[in-house]
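First the structure, in the form of structure tokens, and then the observations on it.
The values are calculated or read from the model by the stated rules, or taken from the named source; none is laboratory data. None of these values were measured; they are calculated from a predicted model. When we count neighbours, we look across all protein chains shown, and the Cβ atoms used for this are built from the backbone with ideal geometry, even at glycine. Side chains included, ligands, DNA and RNA excluded: accessible areas come from the protein's heavy atoms. Shrake-Rupley method; radii C 1.70, N 1.55, O 1.52, S 1.80 Å.
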Amino acid sequence: MAERFRGYLPVVIDVETAGFNARTDALLEIAAVTLTMDEQGYLIPDQSVMAEVEPFEGANLERSALEFTGIDPFDPNRESIPESEALEKIFKPIRKAVKAHGCKRAILVGHNASFDHGFVNAAANRVDIKRNPFHPFSSFDTATLAGLAYGQTVLAKACDVAGIPFDGKKAHSALYDTEKTADLFCSIVNRWKDLGGWEMVLSLQDHD
């Protein structure tokens, strides 16, 4: 795994938020799926972790965003925790996976990854986390990759073309979207392997 992505461990992230501005709008849910490889070198999902998050003090809550996600930040049935606890819950297994795979850092995989990356970094800065496991600005965007591989950029449509079951009623849950994004990313990477692309890269490296 460490050799496949230049020492970085891909970790799939999805966030549900109360708006589009990572600095001012609340982070409401965050989920992560770590990835690993099987004995044949195919990428597969490994561990899933998810946290419901309390809006930080002074956070903006856009009504349209809440209506879109269906999340009530003040629902007493939510098992929400402060941002600092939520990020530690997410980051701890990621750090362990990075170490277990001999990687130097994690790299965020997301569907429209810049959005998720922005909210993760903003929250980590707010709570002053020193050991953010992710590369500070690089990421893998499955919207772009799916557009290349399957001709679709919407997550549900890309999954459909890739043969990945997708239940629209479960969408906009951070955990569900993260797991489907993980399946999609693995599908694209593994398809490239089946087409001979990765073996071609290794062959060229062997001749250097």
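Restricting attention to region 58-92, which residues are among the charged types (D, E, K, R) and either in contact with a His (Cβ under 8 Å, 6 or more places away or on another chain) or touching a residue at least 24 places away in the same chain (Cβ under 8 Å) (or both)? Walk me through how you get there before you give the answer.
Looking only at region 58-92, we keep the residues that are among the charged types (D, E, K, R), and these are 62-63, 67, 72, 75, 78-79, 83, 85, 88-89, 92.
Within region 58-92, GLU62, ARG78, GLU79, GLU83, GLU85, GLU88, LYS89 qualify.
Taking region 54-68, which residues are touching a strand residue (DSSP E or B) at 6+ places or on another chain (Cβ under 6 Å) and surrounded by fewer than 18 Cβ atoms within 10 Å (Cβ to Cβ)? Outline the logic, then answer.
To start, the set of residues in region 54-68 that are touching a strand residue (DSSP E or B) at 6+ places or on another chain (Cβ under 6 Å) comprises 54, 60.
Hit for region 54-68 is ASN60, nothing else.
Being over 18 Å from the mean Cα position of the chain (by Cα) and farther than 21 Å from GLU29 by Cβ is a property that VAL161 has. Applying the condition of being out of contact with any Ser or Thr (no Cβ under 9 Å at 6 or more places or on another chain) and within 24 Å of GLU179 (Cβ to Cβ) to region 16-27 and asking which residue is surrounded by the most Cβ atoms within 10 Å (Cβ to Cβ) yields ALA22.
Residue under question is PHE119, and the condition is that it be farther than 21 Å from LYS170 by Cα and either part of a helix (DSSP H, G or I) or open to solvent by 20 Å² or more (accessible area, probe 1.4 Å) (or both); does it hold? Yes; evaluated as a whole, the condition is true for this residue.
Only one of the listed residues (ILE94, ILE81, ILE90, ILE30) is aliphatic (A, V, I, L, M), surrounded by fewer than 20 Cβ atoms within 10 Å (Cβ to Cβ) and touching a strand residue (DSSP E or B) at 6+ places or on another chain (Cβ under 7 Å). That residue is ILE81.
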